[in-house]
Every structure is written in C-alpha cells, then in structure tokens.
1. Looking at K58, is it basic (K, R) and assigned to a helix (DSSP H, G or I)?
2. Go through the residues of region 91-99 one by one and say whether even a single one is over 29 Å from T3 (Cα atoms), of a type in the set (A, V, I, L, M) and in contact with a strand residue (DSSP E or B) (Cβ under 9 Å, 6 or more places away or on another chain).
3. What pairs come out if I take residues in region 57-69 that are of a type in the set (V, I, T) and pair them with residues that are surrounded by 10 or more Cβ atoms within 10 Å (Cβ to Cβ) and not in a strand (DSSP E or B) whose C-beta lies under 6 Å away, six or more apart or interchain?
4. I need the full set of residues from region 70-88 which are surrounded by 15 or more Cβ atoms within 10 Å (Cβ to Cβ) and of a type in the set (A, V, I, L, M), in order please.
5. Scan A24, A51, A14 and give me the residue that is of a type in the set (G, A, S), modelled with pLDDT of 90 or more and in contact with a helix residue (DSSP H, G or I) (Cβ under 9 Å, 6 or more places away or on another chain).
6. For region 89-115, give me the residue count where each residue is on the phi > 0 side of the Ramachandran plot and at pLDDT below 95.
Amino acid sequence: MRTTVYNAQQLPIAAEKVLAQAKALLMAGKRVILKAEEETRRDSQNKKFHAICGDIEKSGHKWMGKPRTAKEWKVLLVSGHAVATKEETEVVPGLEGEFINIRESTALMSVRRGASLIEYSLAFCAMHKIPTLEESGVYA
C-alpha cells in the first residue's frame, strides 16, 4: 500500500490504514517494509514531460542534423536541464566503447525538480519555435 499525505491532519487516518495492512501481512507470515519519503514527481508531471518530448519529435526539429525520437529528446532535455541547473553530469565510455551520459532519473525527481524540467523543456520549445500542446491548453 502506498499512501500520500498532504498535511499533518491526514497523518493519523493514513497511518491507521497502513498499520492495519502491515499487521495483516505480518500475521500472514510476510515481511513488511514501512518507509516515509518525500514525494517524487507526480504522474501528471510525467505525462506532461513525455507529451512535450512527443511534441518536439512531431515537429521534426533536428538535433545534430537529424530528427530525434521522443525518447532521444527526453535524454537531451534531462541532460541539458542538469547542466543548466548546475547538477553534476558525467559522460563516460560505455561497455562497447560508445559514449553515454550518466544522468539523473526522472522517476526519482522531486516535484519541484520535475516542474523545473518541464519549465526548461517548454523554454527550449519556445526558443526554437516548436509548437506544443501546452499552447492550446491540452496539458496545461
């Protein structure tokens, strides 16, 4: 069970539900891990960022002389965002001699960092006159 709590008043009810499920699992002979952590990027942020990557792909915008897929734009945007925000980046030779960027995981980004990545991506689109669904309010 995964529970998101937005304020301290919600904690007792959420804790009661989690503890009840944990107790049931323990009574069934299972091991349980309970952990509290900061919320990572939201599903809505994930969908929005991937939609932006798709918008860039559909635009046919070229990078290094050729159009790129949405997956390639994701790598380029995450890497560029890391450099622009002074995060650590590292390019290393891969297992077969190719070069790869060891980059942060979007799945582990905080909500704030995810918002920053989206803002960076939309700024990239605006600078390169790439139309996005954001302009029409589809994923605003």
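The values are calculated or read from the model by the stated rules, or taken from the named source; none is laboratory data. Keep in mind the model is a prediction, meaning the values are calculated, not measured. Neighbour counts run over all protein chains shown; Cβ positions are idealised from the backbone, glycine included.
1. yes
2. Yes, because at least one residue in region 91-99 is over 29 Å from T3 (Cα atoms), of a type in the set (A, V, I, L, M) and in contact with a strand residue (DSSP E or B) (Cβ under 9 Å, 6 or more places away or on another chain).
3. Listed pairs, sorted by first residue: T69/E57.
4. Hits for region 70-88 are A70, V75, L76, L77, V78, A82.
5. After applying the criteria, what remains is A51.
6. Of the residues in region 89-115, 0 are on the phi > 0 side of the Ramachandran plot and at pLDDT below 95.
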